[in-house]
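The values are calculated or read from the model by the stated rules, or taken from the named source; none is laboratory data. All figures in this text were calculated on a predicted structure; none of them were measured in a lab. In this analysis, Cβ positions are derived from the backbone assuming ideal geometry, glycine residues included, and neighbour counts consider all displayed protein chains.
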Amino acid sequence: MDFAFSDEQDMLREQARAFLADRFPLEKVAEITRSDEGWDKQSFRQIAELGWTSLSVPEDAGGSGMGFIDEAVLFEELGRGLFPGPYFSTIGLALPLLLDSSDQLPGIVSGERTATLAWAEPSGPSKLADIGRGITAKAERSNGSWTVSGEKSLVPDAEIVDHILVVAAASEGIGVWAIERGDANPKTHSTMDATRRFGSIAPSGADAVLIVEPGKGEDAIAAVRRRALAALALEAVGIAQRAVELSIEHVSERKQFDKPIGTYQAVSHQVADMYVDLELARSLAYWAAWCVDTGDDQADVAVAAAKAAAADAAVLACERAIQVHGGIGFTWEHPLHLFYKRAQWINTFEGAGSTHRSTIATSLFS
Amino acid sequence: MDFRDTPEEAAFRSELRAWLEANIPAEHRDRGHMAGRGDEEISREWSKKLYEAGYSGLTWPKEYGGAGAPYTHQAIFLEESARAEPPEHIGVIGLGMAGPTIIAHGTDDQKKRYLQNILSGEEVWCQGFSEPGSGSDLASLRTRAVDDGDSWVVNGQKVWSSFAHIADWCILLVRTDTEAPKHKGITYLLVDMHSPGVEVRPLRQITGDPEFNEIFFSDVRVPKANILGEVNGGWGVAMTTLLHERGTLGFALTARLEVMVRKLIELAKQTSVNGHTAAEDPLLRDRIVDQWVQLQALRFTNYRALTGLVKTGVPGPEGSIAKLHWSETNQELTKLALEILGPESQLDEDGAWSGFWQYQQLRSRGNTIEAGTSEVLRNIIAERVLGLPRGR
């Protein structure tokens with residue numbers, strides 16, 4: 001039994017923290033959030049140089065051949081730093097499907113290109129878990145080439161990425177096809193978390209590259225979902241961690257009745273509770289990451305438990321942080337609301353806690 | 001990071017599992033749901049058996065009767081105990097508090113005299129820390145010890161002392177200097193509970209069981225050789241005890257919670273509510289699963305703590321987190337069990353599960369008070385772990 005990160009993983013964490021503090025201080029994140037694009041395209045080249053886009057890519061494909069545990073460190077730190085850019089979409093959702101795609105993979109590895117996954121439909125399935133039920137997007141083959149048509153909603157980062165991987169149905173079953181953003185008629189919607197905006201797409205006979213064979217889509221998406229839930233649990237841990245840090249700083253400095261407000265137990269105990277929830281969620285998130293990394297039998301229940309607990313902890317940590325900050329924490333100027341909004345994005349992804357507890361119930365009561 | 005057993009750990013686990021299977025006494029199993037309430041004779045016998053098989057004091061030094069094994073073995077022992085539900089060792093205070101403190105601060109003679117008998121269950125220990133006027137503010141304690149030649153003479157009263165009614169020895173905090181600042185006039189004594197002048201009176205808890213006691217000391221003579229640490233240096237020694245109480249307790253508490261979660265699931269499967277079993281009720285399922293999730297969170301938090309303990313030898317802050325969260329989870333869980341049982345839950349021995357859940361639920365109210373109240377633990381986390389400014 002060994003429950004610690006390796007020295008290399010600790011170094012990766014330090015590197016990530018230093019890069020984000022230097023390149024994306026919270027004022028900068030807030031500024032980017034208010035911009036039309038909502039991200040800084042240059043940053044992807046930089047993180048690619050640091051190796052962050054290719055950690056889980058095999059060495060013979062230009063990556064470093066490491067595992068999800070290494071990426072887990074980054075997901076946590078990118079949550080803590082509230083990195084504004086399609087990292088979750090590209091590395092969390094799309095990359096696992098592109099590892100054999102010689103057309104798309106090099107651009108992702110080099111940071112020149114980004115990608116996302118489109119699964120939900122306006123009047124069809126909304127969750128990755130439901131893609132087997134009533135998908136209407138169609139993939140058709142003529143003369144050996146594929147085209148994709150249909151409507152997809154709630155596509156993360158749809159308007160800023162290069163490739164959109166569309167979950168669609170062909171006559172042989174459900175598969176995944178890549179189309180270019182320019183062929184997808186993307187539209188961005190104002191989203192609570194402006195660092196991770198949802199868009200919709202409506203490709204109509206768009207040229208498509210086959211990524212996952214029709215009939216194999218459900219299994220492939222189940223694996224992506226497992227990994228995505230673990231990644232978001234880790235991001236949520238990073239967010240809760242930052243909410244605790246910001247709160248410690250504030251209640252230690254802010255004085256009322258001549259004393260730092262952190263000396264009042266009505267305040268300090270809220271911060272203690274945030275920390276307890278954070279550490280418990282962290283333990284589950286690391287367990288989930290390890291299960292995903294090693295393909296453990298318990299992976300499905302582990303990611304469900306981690307996602308439910310970590311998202312709850314992050315949302316509650318931000319709410320308590322806003323409370324102990326008082327009026328300033330409720331302002332647009334203060335960065336807390338950005339974390340709070342990201343926490344809510346994560347919390348609702350694939351359903352909030354009760355959805356995931358229901359998955360666990362099926363296994364516990366079988 | 002690797003959550004699996006090493007080959008060596010796996011071997012220890014399977015050997016232990018087989019041993020527990022073969023050795024848990026029939027009279028313990030026959031008690032069914034009542035087994036959770038403990039039985040002194042069964043516990044004494046079991047303690048001896050554990051000791052003879054080398055499973056007592058797994059992490060204690062070999063020269064004092066321990067196994068000198070790594071902390072991971074202790075964790076595996078507790079996990080396997082949660083699975084097999086053996087009787088409890090009689091020496092809970094000795095194993096968790098007195099022993100580790102003697103290992104840390106005792107002289108060679110003291111280690112030789114006391115440690116082995118703790119492991120074998122031959123001598124039972126109790127704790128004399130809290131007083132009627134000194135609970136969370138422990139350092140305000142007033143039990144006095146006055147220097148009288150070769151002995152200290154102790155007068156005063158202690159309270160909330162589990163096992164005192166069967167204890168042979170007591171780890172006792174006394175005031176030896178009334179002039180010094182309150183933390184600096186305390187001495188840590190090892191007191192023979194059979195000494196003249198020691199009187200134990202049981203206190204009944206809200207469960208009806210007399211699980212803890214008051215201890216009265218009237219001119220009790222304690223030989224000077226029975227000081228642990230230095231005269232007036234008892235506060236630091238006491239902190240070791242409390243660190244261990246909360247530090248290594250996390251595993252034990254989580255093991256207990258694992259048993260409770262398993263029983264809750266069993267209860268839900270066999271109890272009808274609203275025309276189906278509780279296990280089929282969507283609202284109850286959600287709450288039961290939440291208990292399971294809390295259990296896993298505690299389990300892996302303990303594992304993280306374990307890695308820290310192995311590296312530094314000192315329990316980290318996770319112990320306070322585990323105690324705080326375990327106590328609140330156990331209260332929720334047992335209340336949920338009563339809710340599932342409905343009015344039947346109000347019956348004691350004649351009701352479902354022979355009153356197991358009623359006893360557990362009432363007993364759980366002590367969990368947020370004993371071994372550091374939740375309020376004190378939140379102060380510790382705020383001030384010592386997070387570094388918030390001190391309020392006092």
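Tabulated results
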quantity: Residues of segment A:125-159 that turn out to be assigned to a loop (DSSP other than H, G, I, E, B), in contact with a helix residue (DSSP H, G or I) (Cβ under 8 Å, 6 or more places away or on another chain) and more than 18 Å from A:LYS216 (Cα to Cα), as a count; calculated: 3
quantity: Of all residues in segment A:11-57 being farther than 18 Å from A:ILE91 by Cα and aromatic (Phe, Trp, Tyr), the one that is surrounded by the most Cβ atoms within 10 Å (Cβ to Cβ); calculated: A:PHE24
quantity: Some residue of segment A:73-91 being under 13 Å from A:VAL176 (Cα atoms) and either in a loop (DSSP other than H, G, I, E, B) or in contact with a strand residue (DSSP E or B) (Cβ under 7 Å, 6 or more places away or on another chain) (or both); calculated: no
quantity: Among (1) farther than 30 Å from B:HIS183 by Cβ; (2) without any contact (Cβ under 8 Å) to a residue 12 or more places away in the chain - the single one B:MET239 does not satisfy; calculated: (1)
quantity: Given (1) part of a helix (DSSP H, G or I); (2) hydroxyl-bearing (Ser, Thr, Tyr); (3) surrounded by 14 or more Cβ atoms within 10 Å (Cβ to Cβ), number of the condition B:THR59 does not satisfy; calculated: (1)
quantity: Hits in segment B:1-19 (condition: acidic (Asp, Glu) and within 14 Å of another protein chain (Cβ to nearest Cβ)); calculated: B:ASP2, B:ASP5, B:GLU8, B:GLU9
quantity: Residues of segment A:11-41 satisfying the condition of being at pLDDT 95 or above, assigned to a helix (DSSP H, G or I) and not hydrophobic (A, V, I, L, M, F, W, C); calculated: A:ARG13, A:GLU14, A:GLN15, A:ARG17, A:ASP22, A:ARG23, A:GLU27, A:LYS28, A:GLU31
quantity: Selection count, segment B:263-277, where residues are surrounded by 15 or more Cβ atoms within 10 Å (Cβ to Cβ) and at the interface with chain A (Cβ under 10 Å from one of its Cβ atoms); calculated: 3
quantity: Selected residue (criterion: farthest from A:TYR286 (Cα to Cα)) from residues of segment A:232-255 that are charged (D, E, K, R) and part of a helix (DSSP H, G or I); calculated: A:GLU253
quantity: Residue within segment B:377-385 that is within 24 Å of A:HIS250 (Cβ to Cβ), touching a helix residue (DSSP H, G or I) at 6+ places or on another chain (Cβ under 6 Å), without any contact (Cβ under 8 Å) to a residue 40 or more places away in the chain and in a helix (DSSP H, G or I) present; calculated: yes
quantity: Filter result for B:ASN302 (surrounded by fewer than 18 Cβ atoms within 10 Å (Cβ to Cβ), touching an Asp or Glu at 6+ places or on another chain (Cβ under 8 Å) and either more than 7 Å from chain A (Cβ to nearest Cβ) or aliphatic (A, V, I, L, M) (or both)); calculated: no
quantity: Enumeration of residues in segment A:184-202 that are in contact with an Asp or Glu (Cβ under 6 Å, 6 or more places away or on another chain) and over 14 Å from A:ILE160 (Cβ atoms); calculated: A:ALA202
quantity: Residues of segment A:274-298 that turn out to be within 8 Å of chain B (Cβ to nearest Cβ) and over 30 Å from A:SER56 (Cβ atoms), as a count; calculated: 2
quantity: Residues that are in a loop (DSSP other than H, G, I, E, B) and either buried (at least 24 other Cβ atoms within 10 Å of the Cβ) or more than 21 Å from the chain's Cα centre (by Cα) (or both), drawn from segment A:162-189; calculated: A:SER171, A:GLU172, A:ALA184, A:ASN185
quantity: In segment B:366-392, residue farthest from the chain's Cα centre (by Cα) [restricted to those that are hydrophobic (A, V, I, L, M, F, W, C) and more than 12 Å from every other protein chain (Cβ to nearest Cβ)]; calculated: B:ILE369
quantity: Residues (exposed (fewer than 15 other Cβ atoms within 10 Å of the Cβ), in a loop (DSSP other than H, G, I, E, B) and charged (D, E, K, R)) located in segment B:210-234; calculated: B:GLU230
quantity: Residues of segment A:256-273 satisfying the condition of being more than 10 Å from chain B (Cβ to nearest Cβ) and not in a helix (DSSP H, G or I); calculated: A:GLN256, A:PHE257, A:ASP258
quantity: Failed criterion for B:LEU78 (all others in (1) more than 27 Å from B:PRO25 (Cβ to Cβ); (2) outside any loop (DSSP other than H, G, I, E, B); (3) not acidic (Asp, Glu) hold); calculated: (1)
quantity: Filter pass, B:LEU267 being out of contact with any helix residue (DSSP H, G or I) (no Cβ under 9 Å at 6 or more places or on another chain), aliphatic (A, V, I, L, M) and part of a helix (DSSP H, G or I); calculated: no
quantity: Count - residues of segment B:116-139 that are surrounded by 23 or more Cβ atoms within 10 Å (Cβ to Cβ) and not in a loop (DSSP other than H, G, I, E, B); calculated: 6
quantity: Residue match in segment A:299-307 (condition: more than 10 Å from chain B (Cβ to nearest Cβ), closer than 18 Å to A:GLU245 by Cβ and of a type in the set (Lys, Arg)); calculated: no
quantity: First in segment A:338-363 and away from chain B (no Cβ under 14 Å) and aliphatic (A, V, I, L, M), second anywhere and surrounded by fewer than 22 Cβ atoms within 10 Å (Cβ to Cβ) and in a helix (DSSP H, G or I), Cβ under 8 Å, 6 or more apart; calculated: A:LEU338/A:LEU26; A:LEU338/A:VAL29; A:LEU338/A:ALA30; A:LEU338/A:THR33
quantity: Scope segment A:102-124; condition free of Cβ contacts under 8 Å to residues at least 24 places away in the same chain and either buried (at least 16 other Cβ atoms within 10 Å of the Cβ) or outside any loop (DSSP other than H, G, I, E, B) (or both); matching residues; calculated: A:GLY124
quantity: Segment B:333-355: number of residues that are part of a helix (DSSP H, G or I) and more than 29 Å from B:THR241 (Cβ to Cβ); calculated: 16
